[in-house]
1. For Ala244, which of the numbered conditions (1) surrounded by fewer than 18 Cβ atoms within 10 Å (Cβ to Cβ); (2) at pLDDT below 85; (3) under 29 Å from Leu64 (Cα atoms) fails to hold?
2. Check Leu199, Leu238, Leu208 and return the single one that is out of contact with any Gly (no Cβ under 9 Å at 6 or more places or on another chain) and free of Cβ contacts under 8 Å to residues at least 60 places away in the same chain.
3. Being touching a helix residue (DSSP H, G or I) at 6+ places or on another chain (Cβ under 6 Å) and among the aliphatic types (A, V, I, L, M) narrows it down to one of Val249, Val240, Val261, so name that one.
4. Only one of (1) modelled with pLDDT under 90; (2) under 26 Å from Leu191 (Cβ atoms); (3) basic (Lys, Arg) is not met by Arg272, so which one is it?
5. Applying the selection to the stretch 173-220, what residues are assigned to a strand (DSSP E or B) and among the polar types (S, T, N, Q)?
6. With (1) within 16 Å of Cys19 (Cα to Cα); (2) surrounded by fewer than 17 Cβ atoms within 10 Å (Cβ to Cβ); (3) among the basic types (Lys, Arg) as the list, and Arg251 as the residue in question, which single condition is left unmet?
7. What's the number of the only condition in (1) buried (at least 18 other Cβ atoms within 10 Å of the Cβ); (2) under 21 Å from Leu177 (Cα atoms) that Ile211 fails to meet?
8. Is it the case, given these coordinates, that Val224 is under 21 Å from Leu267 (Cα atoms) and touching a residue at least 24 places away in the same chain (Cβ under 8 Å)?
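The values are calculated or read from the model by the stated rules, or taken from the named source; none is laboratory data. Please read these numbers as outputs of a predicted model, since none were measured by experiment. Because the Cβ atoms are built from the backbone with ideal geometry, glycine has one as well, and the counts that use them run over all protein chains shown.
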Amino acid sequence: MNGQTAAFDPAFRRIPRLCAIARRPPLLISPSTSLLTPGTTTAMPDAVVPLYHQIYVVLRQQILEGRFSDGPMPGEIELARQFGASRVTMRRVFDYLVKEGLVRRHRGMGTFVVKPDDPVTMGGGAQTLLQNIIDVGERTSAVVVEFEDVLAPPDEAKCLEIAPGTPIKKLVRVRHLEDTPMALITTWLPLDVTSKLTLDRLANQSLLRLIEGSGVRIDRASQVVSARLADVATAQYLDVAVGAPLLSVQRIVREMSGRPVQLLQGLYRPDRYEYRMELSRVGEDRARLWIDNAGHDVQGGHSEDVDEAPASVPNPASHRV
C-alpha cells in the first residue's frame, strides 16, 4: 500500500440496532393447524423434514425473537399439546435447544431461555440502496387484515419514542403480487397522523401519502434488513410452509422534527422479492472496497407508491444477482 492510508471508512462496521421488537406472547398452535404446509391437510413428510426438527425450527425462531424472555418456557406437556406431538418428541427438541445454548433446564423450576448477546448489524455502502422503493404499485394490491387502536407495547413504544401504553394505530396488511401473497406488513402509527386513514383509502393509496395528507412532512427513514422463519400465522397469510425463510424489514420513518411517525415490520417471501445492487470497486490495493452507486435506478425506477416495499425487485428468482 506504499504506506498510504485509505481515506474512507471500513466497508463493514458495528452499528447500533435500529430498535428491538421482541416481546411477544408465545404462539399457541393447535394440533389441527400446526406444522402443516398451507393448502394441505397433512403434516410435512418425516422423510423431508422430521417433526422434531419442524418444532425445533419454530421454537428456535421464537426464542431468538424474545417471546419467552420472561419466566420459564411452557413445559413439555403443554408444548406437546400445542404442536400435536408426543412428549418424547418435545424432549428431543429441548435437547437440541440445550445443546445450542439457547435454553437451560433448572430442576424443579422449569426451562429458561439463555439471554443472547446483541446481534452485530453489518452496515456499509449498500445501505443507501435499501432506502429506495421500487415502482410496483400498479402490479400489487393490499388486503387489510387488522386496523384498530391499541395501547403501545413496550418495544413498539420505544421505537416510536413514546410512553408504553400510549394509544396508537395498528395496521396489518397482506400485499399481493399478481394474486400471490408476497408480504405481511405490520405498521404502528401515532394517532395524530392517521386522520386520513380509512379502509377504502388504505386499499388503493400509499400509506405515506395518507400520512402526509394529515399535514406531516416526511423527512427520512432508518431501516434494518434481516431474516426470520415463518410461524404458523405468518405461514397462513403468505401461503408458505411453517419454518420457511422470510426477508424481514424493520423501518422507522421520521418527520422533519425527527419524531417517528411510522414503525413498519415487513415479512417478505424471498421468491417474490430480491435485492439487486450496482456496486463499484474503489480504493487502492488491499484497501479496495465495494460501495453502492448512489441513486442507481433499480429495474423500473424509484417510487413512493409502495411505501412498505424494501429496495427490492419483485420476482422472478431467475434474475437474482
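1. (1)
2. On the way: Leu238 fails: free of Cβ contacts under 8 Å to residues at least 60 places away in the same chain; Leu208 fails: free of Cβ contacts under 8 Å to residues at least 60 places away in the same chain.
When all the criteria are applied, what remains is Leu199.
3. Exactly one residue qualifies, and that residue is Val261.
4. (2)
5. Narrowing the stretch 173-220 to residues assigned to a strand (DSSP E or B): 173-177, 180-190, 218-220.
Scanning the stretch 173-220 gives Thr180, Thr186, Thr187.
6. With respect to (1) within 16 Å of Cys19 (Cα to Cα); (2) surrounded by fewer than 17 Cβ atoms within 10 Å (Cβ to Cβ); (3) among the basic types (Lys, Arg), Arg251 is out only on (2).
7. For Ile211, the exception is condition (2).
8. Criteria met by Val224.
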